[in-house]
Amino acid sequence: MKLFKPLFWKKKYSILSALFLPAAILIQILFLIKKQIAKKEKFSVPIICIGNLYIGGTGKTPLAIKISEILRKLNKNPAIIKKFYKNQNDEIQLIKEKTKNLVTASSRRKAIAEALKKKFGLIILDDGFQDHSIKKNLNILCFNSGQLVGNAFTIPSGPLREPLNSIKNCQIVVINGDRNEKFEDKIKKISKNISIYYSNYLPLNIKKLKNMDLLAFAGIGNPENFFNLLLKYNLSVKKTIPFPDHYDYTEKDIKKLNNLASKNSLRLVTTEKDYFRLKHLRLNNNISYLPVELNIIEEEKFIKELREYIK
């Protein structure tokens with residue numbers, strides 16, 4: 001979804017949230033009807049679903065890649081399934097760069113069927129928590145500590161796809177960022193059986209960006225998370241420019257960025273996902289990017305629990 005998230009999505013009380021509440025309630029009613037009439041299809045291999053409630057920017061794709069790597073080390077043969085959306089080609093290219101096991105199609109069920117034809121033995125759904133046509137063995141929900149649930153309202157009153165209470169339908173929560181005990185308590189009040197893990201991003205080329213004055217830009221779900229990551233590692237960020245999620249950069253955009261950087265003697269830097277989008281368009285000259293590796297805290301415990309669901 002290409003959008004700048006409205007500022008009122010961050011506010012606990014807002015007139016705009018109240019005005020959009022009837023639409024939010026209607027959308028959830030339609031969603032519940034769709035959920036009730038959906039026929040779940042069970043497949044012959046274990047299915048792990050990595051989803052979110054907060055729309056965009058929660059780290060689903062990095063976690064899907066990480067879990068794929070873990071399972072391959074366990075001698076499993078996992079396929080990452082992603083429903084094809086034309087405006088999400090950046091994520092598709094990123095997964096292809098990191099792994100060789102991506103399968104996409106117009107629907108997740110079609111992609112799973114294709115993966116089974118290719119003899120994959122396990123399915124990882126990159127997104128799909130709200131797709132009730134597939135029976136999953138394990139649901140993992142992703143959150144980012146910078147946003148968590150925003151104002152806790154559903155779209156369009158807030159940033160949630162469905163209410164936080166729906167977290168009861170998952171088994172594991174992974175929060176990227178700092179620990180938040182209050183949020184953990186909220187989760188445990190909904191379901192005591194949910195396991196909570198934390199993760200963080202480890203930059204892989206910090207040394208290359210040291211001693212540079214940077215102009216950082218990003219067209220991801222929450223650009224501020226990328227900017228904060230740069231600052232966390234003491235990089236000299238002089239200016240930041242956010243773009244909407246999955247933004248289609250044009251030559252004009254890149255020319256403006258290059259001119260602004262040149263005028264202020266800055267080096268352009270962006271996310272790996274943005275860089276692949278620019279690479280595809282051949283617009284990535286003179287632009288650095290920050291590749292990251294997802295680190296799961298208590299990874300051994302996480303792997304042990306993961307194995308319980310894929311027997």
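Quick notes on this structure:
- Residue list for the range 97-113, filter: touching a Phe, Trp or Tyr at 6+ places or on another chain (Cβ under 9 Å) and open to solvent by 40 Å² or more (accessible area, probe 1.4 Å): 97, 104, 106, 109, 113
- Filter result (polar (S, T, N, Q) and in a helix (DSSP H, G or I)) within the range 166-186: 166, 169
- Residue 194 being within 29 Å of residue 122 (Cβ to Cβ), open to solvent by less than 50 Å² (accessible area, probe 1.4 Å), without any contact (Cβ under 8 Å) to a residue 24 or more places away in the chain and not acidic (Asp, Glu): no
- Condition broken by residue 281, with the remaining ones in (1) aliphatic (A, V, I, L, M); (2) at pLDDT 95 or above; (3) surrounded by fewer than 17 Cβ atoms within 10 Å (Cβ to Cβ) satisfied: (2)
- Boolean, residue 204 is hydrophobic (A, V, I, L, M, F, W, C), open to solvent by 40 Å² or more (accessible area, probe 1.4 Å), without any contact (Cβ under 8 Å) to a residue 12 or more places away in the chain and more than 15 Å from residue 58 (Cα to Cα): no
- Filtered residues of the range 1-60 (kept if of a type in the set (Gly, Ala, Ser) and either under 22 Å from the mean Cα position of the chain (by Cα) or surrounded by 12 or more Cβ atoms within 10 Å (Cβ to Cβ) (or both)): 14, 17, 18, 23, 24, 38, 51, 56, 57, 59
- The number of residues in the range 187-208 that are assigned to a helix (DSSP H, G or I) and within 13 Å of residue 271 (Cβ to Cβ) comes to 0.
- Members of the range 170-187 found to be touching a residue at least 40 places away in the same chain (Cβ under 8 Å) and polar (S, T, N, Q), listed by number: 171, 176
- The set of residues in the range 61-96 that are hydroxyl-bearing (Ser, Thr, Tyr) and open to solvent by less than 30 Å² (accessible area, probe 1.4 Å) comprises 61, 68.
- Positions within the range 216-230 being of a type in the set (A, V, I, L, M) and not in a loop (DSSP other than H, G, I, E, B), in sequence order: 216, 218, 229, 230
- Only one of the listed residues (110, 60) is touching a residue at least 40 places away in the same chain (Cβ under 8 Å) and out of contact with any Ser or Thr (no Cβ under 8 Å at 6 or more places or on another chain). That residue is 60.
- Per-region count, the range 242-278, residues touching a residue at least 60 places away in the same chain (Cβ under 8 Å) and open to solvent by less than 10 Å² (accessible area, probe 1.4 Å): 3
The values are calculated or read from the model by the stated rules, or taken from the named source; none is laboratory data. Worth saying up front: this structure is predicted, and the values here are computed from it rather than measured. Positions of Cβ are generated from backbone atoms using ideal geometry, with glycine treated the same way; all protein chains shown enter the neighbour counts. Please note that ligands, DNA and RNA were not included when accessible areas were found on the heavy atoms of the full protein model with its side chains. Shrake-Rupley method; radii C 1.70, N 1.55, O 1.52, S 1.80 Å.
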